[in-house]
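Here's the structure, in structure tokens; my notes come after.
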Amino acid sequence: MKRAMEVKMKRMTAWLAMAALVVMGVMSVSCFDLDAPDDNPDSVHKLQVFFNSPGFRDGTEVNRKPSEFISERIDNARVSVDAAVYGFNKQNIIDALVDAHYRGVEVRLVGDGGEYSRGSPGYRTMEDKKVPVQTGNQFHIMHNKFFIIDGRFVFTGTGNISRSEFTFNNNHWVWMDSQPIAELFTAEFEQMFEGRFSAAKKPLEMPNTFMVGDVEVEVWFAPQDDAMGRILEELRAAHTSVHFQIFAFTKDQVATEFINRHREFEAYNEENGYDELPVMERPKRVTGVFDRSQLHGNGQYHQSYRLLANGVPARLDGNANSRTPGDYQAGGGRMHTKTMILDAGTEDARVVTGSFNWSAAATISNDEVLLILRGEEITDVFMEEFDNIWLTGKDLPTAMCRLMKDNERLTCDDEVEPGDVVINEVHFDGWNAERDPGDMTGSLDGRRPLTNDQFVELYNTTDRPINLSMWTLSNGHDVVMGFTPGTVIGPGEHFLVLDHNTVPLSEGEPQRGDHAFENPNFVLNTANDPRFRSLNLKKAALQLEIRDSNAQMIDVAGNGGPAFAGGRDGDTNWSMQRIHNSDGTIPDGTRRSSWGISPRTQGGDNVNEAFRNFIIADPGEPNSVNSM
């Protein structure tokens, strides 16, 4: 009790000293500064937003203030600094924490177990200097980035406390002068400092909505608060606009709400004659910017594929400012924000931001913070930054093709026509009801159940290579898969997309059993993980659509009813093959007469030899079905 009173008295003294210092807040084109309202002289609350401006290449950066600001505030701390960090190598902030510790400020650190084990230098320095450190969330990540100073000031945002985050990547941070907000963050910090991370944390029975000047601030902590639920609620309530900037984006529900709002808003624009306007001039719109490293890192599971297939206007970030030119995977140049701006320019304007990526891990496993900032003025400032990022971004189809345009003959999306690529063959009915004659390792009779492999074969009908980057394959209702950047189908090439769906995923044993098909061009769900997308083709309701990254329909197979041909008959299983006319034309894929089965008695060269007697298919080869 005595210790608590001493700390409280020290903090009161520190607040008086800091009140004058806060007025010196950083003012620049990259900082939003909000004082208390004039009609409330007792309020000393203050909110500032910092946008670092890394530029789009080395030498174009214009601002280093966020890192300098927080290090200066740590330098002026009188009582305590609690820091929750993930990546941690920003030297001036490390030095400021050590200096504060040496002059008697109570400094404590909560960090991520994985980053600690990888030797992140900030963690090692804190331990060497005897600063109390607690790390956790060993199987996921402690992804917070916040500082609590003197029990009154909070600094948090989208950027990790690392050189690349402040220098090379697009991020922003929020500084709040609010004792109630600081108390809420402190309660969250205490849980982790005591060793409770992820699902071990308890919901905080404290207010989580505050007024800081003219801004209403909501604070949510994951996973114990339903942060994802709040995101979805805000999206469903959006009535004029959604502007988003996102790093990791694999959460289906968020993309679904983007698509729903896009359809709703586009219907309004069309009805009122606004659909001919440029995207950013339409009164209602959903638009966004993706980080390009995630299109590689998360592959076909990134939600950008679904948005593009549904016509949601989006761009690739233009930030190429990296420690290693061209290294946008690890050397910087990332669009690292995780931000939505909803209903900008209206009285309902708000910003959803924080450390929280739109992913399952952030929702149920990671330690995260989500902020909702309500107010027209602050939303306008976020919109100004969005406009900057949008304008320096790149049209995604054009950017994808330019990255690969070593071959001048490569056909890009602005040149491709319907029918240039067709769905040529489909194997929709796996064989998992039988035994695999090629696998002698498993069950009591020496054989495991046969695979449930499926495939879709594409065919390039032209004499030019075609860029398939960011193309999608849909089932008539939703996207099944996307083609990752760098995917090309050669002239006259048969391109095999294969789903190796074998035995159920087990962490404790290898994936045994032979695959039914060989020599694929693109393998879906290589981990055979049920959380990831599979072809999951249905005989009873088969429709496949291939679209380019402009959402243009290139070809369709089936009509949503029962498959036109193929499937099981006794012990034999046929693929559904496209008929090619004798004059070289390929008929409409939505007609039953355009499809048939092979007259062969064995599968082709790319059918595993152990399966050829009962799987009759020609994957990766010209179809053997009779021509018309």
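The values are calculated or read from the model by the stated rules, or taken from the named source; none is laboratory data. Please read these numbers as outputs of a predicted model, since none were measured by experiment. Here the Cβ positions follow ideal geometry from the backbone for every residue, glycine too, while neighbour counts run over all protein chains shown.
If I go through region 224-254 residue by residue, how many of them are under 13 Å from Ile341 (Cα atoms), in a loop (DSSP other than H, G, I, E, B) and of a type in the set (Gly, Ala, Ser)?
1
Would you tally the residues in region 127-178 being surrounded by fewer than 24 Cβ atoms within 10 Å (Cβ to Cβ), over 25 Å from Arg334 (Cβ atoms) and of a type in the set (A, V, I, L, M)?
Number of matching residues: 2.
Limited to region 298-309, what total is found for residues that are surrounded by fewer than 22 Cβ atoms within 10 Å (Cβ to Cβ) and either over 16 Å from the mean Cα position of the chain (by Cα) or modelled with pLDDT of 90 or more (or both)?
Result for region 298-309: 1.
Hey, does region 189-199 have a residue that's at positive phi and at pLDDT below 95?
No, region 189-199 contains no residue that is at positive phi and at pLDDT below 95.
With respect to Ala563, determine if the residue is of a type in the set (Gly, Ala, Ser), touching a residue at least 40 places away in the same chain (Cβ under 8 Å), outside any helix (DSSP H, G or I) and surrounded by 15 or more Cβ atoms within 10 Å (Cβ to Cβ).
yes
Are any residues in region 74-105 closer than 23 Å to Glu194 by Cβ, surrounded by fewer than 24 Cβ atoms within 10 Å (Cβ to Cβ) and free of Cβ contacts under 8 Å to residues at least 60 places away in the same chain, and if so, which ones?
Answer for region 74-105, where residues must be closer than 23 Å to Glu194 by Cβ, surrounded by fewer than 24 Cβ atoms within 10 Å (Cβ to Cβ) and free of Cβ contacts under 8 Å to residues at least 60 places away in the same chain: Ala100, His101, Val105.
Condition first: within 28 Å of the chain's Cα centre (by Cα), modelled with pLDDT of 95 or more and of a type in the set (A, V, I, L, M, F, W, C). Can you find one or more residues in region 128-142 that meet it?
Yes: one or more hits.
Of the residues Arg600, Arg612, which is more than 23 Å from Ala541 (Cβ to Cβ), crowded, with 17+ Cβ neighbours inside 10 Å and at pLDDT below 95?
Unique residue meeting the criteria: Arg612.
I'd like to know if region 199-207 contains one or more residues that are in a helix (DSSP H, G or I), under 25 Å from Lys65 (Cβ atoms) and in contact (Cβ under 8 Å) with a residue 60 or more places away in the chain.
For region 199-207, residues in a helix (DSSP H, G or I), under 25 Å from Lys65 (Cβ atoms) and in contact (Cβ under 8 Å) with a residue 60 or more places away in the chain: absent.
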